[in-house]
Every structure is written in structure tokens, then in C-alpha cells.
Amino acid sequence: MTVLPALFEPDGSGSVDPGLDRPDAADPGSDRPGTIDPGSDRSGAADPGSDRSGAANSGPHRSRVTELRLSAFAGHRRAAFPLGPLTLFTGPSGSGKSRVLQAYEALARLGGGAELGEAFPDPAGCVPERARPDAQRRRGFRIGCTADGPEGPVRLDLAVQAEPELRIVGERLTSGHLVLLESALRDPGRAAVQAAWHTAGSAPVTRGPLPDDRLGTALLPLRVAGRTEGQRRVLAAAEQMVVALRSVFACDPRPGRMRAPVPSGAGRLLPGCDNLADVLWRTRAECARRHALLASAVAAGCAGRVVDLLAEPLGDGRVRALLDRGDGLRTPLELLGDGELRYVALALVLLTGPGVLDVDPVGEVPAAMQTLTVLADGLDRCMDPAQTRELLRLAARMTERGHVRLVGAVSEARWATEADGVTVVDLSP
């Protein structure tokens, strides 16, 4: 297990840089507002959040997010968080664990083409509490991430204005020391930012407007022709970032909704795992090997003897889930405790993939180049230490293969010392 503190740079003001609409202000790795840290993008070097050396099975061809940066976001200021194949955020209540996962999920939504308002439904809550408005009464926040993959570490930094209206005011995509895309708000009266992207042809850059309510990086494949070597590099870096961000499943099982029988449907698991019984009906029929692994994992984490996990139709178009105890005894899942239900649901998530989970992966990119990242806030909620340890062991086995990663928030992580390959980020003051 690797235990890392949060990497904070002290700043006494508690305010967001009032120059949010300057392109340089989008970079959160700077010690001085509006400037680029010359050491923040080391050409050819491994990103500090990269798991390239520690997870050989991930392979250099899988795109994955290896660092999350919250320069000015809610209670986080100038923070950089490394993300390994299995990363746990821990700390006392109010330390910002849920905010970290919220920022990651928001970036994932933007990478999938969502509008800014969908990614940040409560933008005012993302602004640092003591952030002071500028002369135009503007306040905002800054976040970013690094995606590793075939193109090496690629950085994305984003500046968002939350007040008086929600809009993107600065974005930067970089690879090494090369700025591939840079945008800034030039005219507050227009719903657009002025962007420039690397061309390296007859002109070094191409300029044009991009909408201020969507991630410019995700729009580049529609705007860049790919005729020059520079344009192809831009497209490759943008694709790596978008692929890494899009394949995210934010999961928070809700036991209160998992107990009742559910209609038989498409068999894609919802983020709250409400339709667990329907998904079990499908997975048991389609993948006997994975289902056997799930039954074994459930037996390790639930009280009493468990030989199988079943779903049965009720004759009215609904199905319910049961534990097969052997000797003809079956226990409906509605009789299980909250901890057991959350354990079963999270084990199912770790053992399945995009075809079963309600996610929208990049269809035009081979599965071998994609990694599903599971975000689990309150990973250990309602579970006893034994269940948490078993779930962690299962997560460690699954993340070793490289096709799935887990980022979770836990109340405490002492039990994580029993598993290898776990990165623990402690947010304690």
C-alpha cells in the first residue's frame, strides 16, 4: 500500500484568481496566478500521477486518468492527487473526499460531450468558500487532470466561471512543453471563447471560436482536419484525453431501492444499482464464468453459507434476486442488511464491464485501448471491516488486469494495509 498526503500549496487569500478569463489562468500548476510552471509538463517524463511503472498490466496503450488537480475547487486549493489503478481517498468528515470524486465525474461528463450545466448542476457550491469576486462580480473555480496513454502524459486544465453566469473562460491541453489547445474568453457578450490549436503547417496555429458551455478538447475531432503532423498530434492527444475521461461509472448503491422486485428490462446496471435483480438475470445467462466469480465473492462477504446468486421471474414481468444457501434454501435479497446489499452491488460492478453497466464508452476505439474507471463515494459505507477487506481484495485482483480502475472515498483506510497495489490519499488536515 502507498499512503500519500494531499499535495497542497499554501495560499492565504482563499480567493480565485480574478483573471479567470486569461488563458494562462487555466493552469492550476502555477505558483503565480496567470503563469505557467515551467516544470509542470516534463517532456517525455512520467507524470507524477502516472501508474506506468507500477501497473505493467495496464499497458501503454490504455488511456487512463493518472492525476486529478483541483486548483481552486470547493475546499481544495492548489491540490494534486495521484490516481493509481486502485485509489482510496480518506479523511474525516468535511475533508473534501466527495468533492474530489465530484470533480472527476464532472470532467468525465464534459469529456463525453455534456453541457457545462449538466456537469456542474450546483456551480456556486464548487467555488471556494472565501473566493472574492472581481470587479465584474465574477467568481469561479479551476480543475484539471492528466491522462496517460500512447501519447504519454497529456494535461487538461480548465477555468470555469460560476457567477454571475456559468461558462468556460479558459482551457488548455498540453503534451510535454507543447500547448496543443488554448482558449480564453475575450468578449463576455458572446457565448463563445476564442481558441487556438496547434497546426505546425503553413501557419503555426489555427484560431477559431468554440462554445463556452462545452469542453473544447472533446470538440477538436470536429474542428481539426488532421492534414499536418501538428494537427494529427492534437487529435491523438485529444482522443487520449476524451477516451480516458468518458469511460467512468459513478456508483453509489442504494439498498432501499435494491430490495424490491424490478421490471425485466435491458439489463444495464444503474448508478444506484436499483435494478440489480434484472442485471443478475442477464449476467447469469450470458457469462457463467463471471457469474461464478461473483457468487464466490458474495459467499466471502455475506453472512451464512452462499452457493449461488440467483434471479427469478415472478410472472408479472418483474424479477427478484435471491441467495442460494444450498439444500433448497433461498434468501431474498430484500432480507439482507444494507452492508451486504452494497457489498453485492459493488462486487457485481467490479466483475462486469461497459456492456453491463449504464455507461457510454467510446464506440470507435477498441476495447483494448479503454479502461473503465469506477467512482465509488462512501465505498465502505454500511459495511463491516471484513466485508470491506474482501471487497478491496476483489478490487485489487480486478484492477491488476488493467481494464478496470477504482477510485473510492472511505471513512478510514487502516484495513487497506492488508492489500497490495492500493494508493491511499489522506486528506486529513
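The values are calculated or read from the model by the stated rules, or taken from the named source; none is laboratory data. Please read all numbers here as calculations on a predicted model, not as lab measurements. We place every Cβ from the backbone using ideal geometry, glycine too, and count neighbours over all the protein chains shown. Side chains are part of the model used for accessible areas, which takes the heavy atoms of the whole protein and leaves out ligands, DNA and RNA. Shrake-Rupley method; radii C 1.70, N 1.55, O 1.52, S 1.80 Å.
At-a-glance table
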{"quantity": "Failed item in (1) at pLDDT 95 or above; (2) open to solvent by less than 10 Å² (accessible area, probe 1.4 Å); (3) under 19 Å from the mean Cα position of the chain (by Cα); (4) of a type outside the set (Asp, Glu), with Gly149 passing the rest", "calculated": "(1)"}
{"quantity": "Some residue of the stretch 237-256 being under 21 Å from Leu379 (Cβ atoms), at pLDDT 90 or above, open to solvent by 10 Å² or more (accessible area, probe 1.4 Å) and assigned to a helix (DSSP H, G or I)", "calculated": "yes"}
{"quantity": "Count - residues of the stretch 257-266 that are in a loop (DSSP other than H, G, I, E, B) and surrounded by 17 or more Cβ atoms within 10 Å (Cβ to Cβ)", "calculated": "3"}
{"quantity": "The lone exception for Thr217 - which of (1) crowded, with 22+ Cβ neighbours inside 10 Å; (2) part of a loop (DSSP other than H, G, I, E, B); (3) hydroxyl-bearing (Ser, Thr, Tyr) it fails", "calculated": "(2)"}
{"quantity": "Qualifying position, being at pLDDT below 95 and touching a Ser or Thr at 6+ places or on another chain (Cβ under 6 Å), among Gly189, Gly176", "calculated": "Gly176"}
{"quantity": "Count of the stretch 294-306 residues which are under 17 Å from Ala277 (Cα atoms) and either among the polar types (S, T, N, Q) or open to solvent by 50 Å² or more (accessible area, probe 1.4 Å) (or both)", "calculated": "0"}
{"quantity": "Among the candidates Gly94, Gly112, residue that is surrounded by fewer than 24 Cβ atoms within 10 Å (Cβ to Cβ) and within 29 Å of Ala191 (Cβ to Cβ)", "calculated": "Gly112"}
{"quantity": "Candidate set: the stretch 267-281, residues that are assigned to a helix (DSSP H, G or I) and either open to solvent by less than 60 Å² (accessible area, probe 1.4 Å) or at pLDDT below 85 (or both); chosen: the one nearest to Ala321 (Cα to Cα)", "calculated": "Ala277"}
{"quantity": "Thr388 under 27 Å from Ser63 (Cβ atoms), modelled with pLDDT of 90 or more and of a type in the set (Ser, Thr, Tyr)", "calculated": "no"}
